[in-house]
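Novice: Here you go, one structure.
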2 protein chains.
Amino acid sequence: MPFPSSAPSHTACTGAMRSVRDSLDLLGGKWKLPIIVGLSGGPQRFKQLQREVAGITAKMLSKELKELEINGLISRHVQADAAPVAVTYTLAAYGHTLFPVIEALHQWGQLHRAHIMHAGEVVAA
Amino acid sequence: MPFPSSAPSHTACTGAMRSVRDSLDLLGGKWKLPIIVGLSGGPQRFKQLQREVAGITAKMLSKELKELEINGLISRHVQADAAPVAVTYTLAAYGHTLFPVIEALHQWGQLHRAHIMHAGEVVAA
DNA sequence: CCGTATCCTCATCGATACTG
DNA sequence: CAGTATCGATGAGGATACGG
C-alpha cells in the first residue's frame, strides 16, 4: 500500500516521498537523533551529553547542537554566574514531536536485530 | 520521557540509542527510504523506479538496490526471455516492516513543513 | 533496457591542540 | 567546563561513457 495509505492513484507516493526526504534532510546524519534521545530523559550539560551519546566528539556535538537549536528542536541555557560556566541543553516542545519517529526507529532496530539473530524466521509486524 | 517510554531509570535511553543507531546505519543515506517508498505501491522496473525516485542516478539506484536486497528488504526478479531484458524489483515481506518508520517520517515531514510556514523562519530549502 | 566502470568533488566526520 | 580551530581521512554521491 502506498503512502499515504488511503491514496487513490498509482502516483500516490510522490507526495509522501517529499515529506520523507524533508525529514531525512533535517534528521539525517550520524548524530541528530541520538542527541535527541540523549536529551529525552531531561536537560543535560554539554559534557554529560557527550558521555551519553557514546563516541561523539566535542566538535560534532557542538555543531549538531547548534543546528538542532536553529531548527527549534532544542534550547540552550547558560548559567554564567558559576565559576566553571554551566550550559544546559533542553529538548524543546517541538523536539518532542520527534518521539514517534524515534520510537518507530527504535522498534525497527530491535526487530532487525532479532531478524538477524535467527535469519531463517519470518518476521511479523 | 526517555525511551523506552516505560523505562525506570536515568540511564534508560542507552538501550534505545543502540536500536536507533542500528536503524540509522541501515536506512541512513539519501536514497534507501525513498526507494522503499517508490516500491511501496507495487513492483517496479529499474527505469520506472529511477523516474519515481526523482534525481537518483542509475549508479546510485543500482548500488542501493543491491544493499537493500542483501538485507532482505526487497527482491529482484529477472525476465531473461524478453528482448530488452526486464528486471523487476519488489518490496519483500520484511520490507513492509519499515512502513511504520516511513509513516512516522512522512508525518513529521508534513508537520515540519507546516511548522516552518507558521514560524516564518528557520532553514532555507 | 539494465546496468557497470571510471573519475571526480565535496560534505562529513575524526583527531588533536588550543582558548575563555 | 564548554567549546573552537585546524588538519586530514574517508566515502557518499554525481557525471559521463561504455558494455550486455
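The values are calculated or read from the model by the stated rules, or taken from the named source; none is laboratory data. What you see is a predicted model, and the numbers here were worked out from it, not measured in a lab. Because the Cβ atoms are built from the backbone with ideal geometry, glycine has one as well, and the counts that use them run over all protein chains shown.
Novice: (1) within 13 Å of chain B (Cβ to nearest Cβ); (2) more than 11 Å from DNA strand C (Cβ to nearest atom); (3) free of Cβ contacts under 8 Å to residues at least 24 places away in the same chain: which one isn't true of A:S40, the others all being true?
Specialist: (3)
Novice: For the list (1) modelled with pLDDT of 95 or more; (2) more than 7 Å from chain B (Cβ to nearest Cβ); (3) more than 9 Å from DNA strand D (Cβ to nearest atom), I need the number of the one condition that A:E121 fails.
Specialist: With respect to (1) modelled with pLDDT of 95 or more; (2) more than 7 Å from chain B (Cβ to nearest Cβ); (3) more than 9 Å from DNA strand D (Cβ to nearest atom), A:E121 is out only on (1).
Novice: Then there is this: Going through the range B:59-69 one residue at a time, which ones are over 20 Å from A:G28 (Cα atoms) and either facing another protein chain (nearest Cβ under 7 Å) or not charged (D, E, K, R) (or both)?
Specialist: Within the range B:59-69, B:S62 is the sole residue that qualifies.
Novice: Which one is farthest from DNA strand C (Cβ to nearest atom), of the residues in the range B:43-53 that are of a type outside the set (S, T, N, Q) and not in a helix (DSSP H, G or I)?
Specialist: Here the residue is B:V53.
Novice: Just one of A:I56, A:I116, A:I102 is in a helix (DSSP H, G or I) and either over 13 Å from the mean Cα position of the chain (by Cα) or loosely packed, with under 14 Cβ neighbours inside 10 Å (or both); which is it? Write out each step before concluding.
Specialist: Numbers: A:I56 fails: in a helix (DSSP H, G or I); A:I102 fails: either over 13 Å from the mean Cα position of the chain (by Cα) or loosely packed, with under 14 Cβ neighbours inside 10 Å (or both).
None of the others qualify; the one that does is A:I116.
Novice: Turning to a different aspect of this structure: Just the residues that are within 16 Å of DNA strand D (Cβ to nearest atom) and either within 11 Å of chain B (Cβ to nearest Cβ) or not aliphatic (A, V, I, L, M) (or both), please, taken from the range A:85-101.
Specialist: A:T88, A:Y89, A:T90, A:L91
Novice: Answer yes if at least one residue in the range A:70-83 is within 25 Å of B:G29 (Cβ to Cβ) and assigned to a helix (DSSP H, G or I), and no otherwise.
Specialist: Looking through the range A:70-83, at least one residue is within 25 Å of B:G29 (Cβ to Cβ) and assigned to a helix (DSSP H, G or I).
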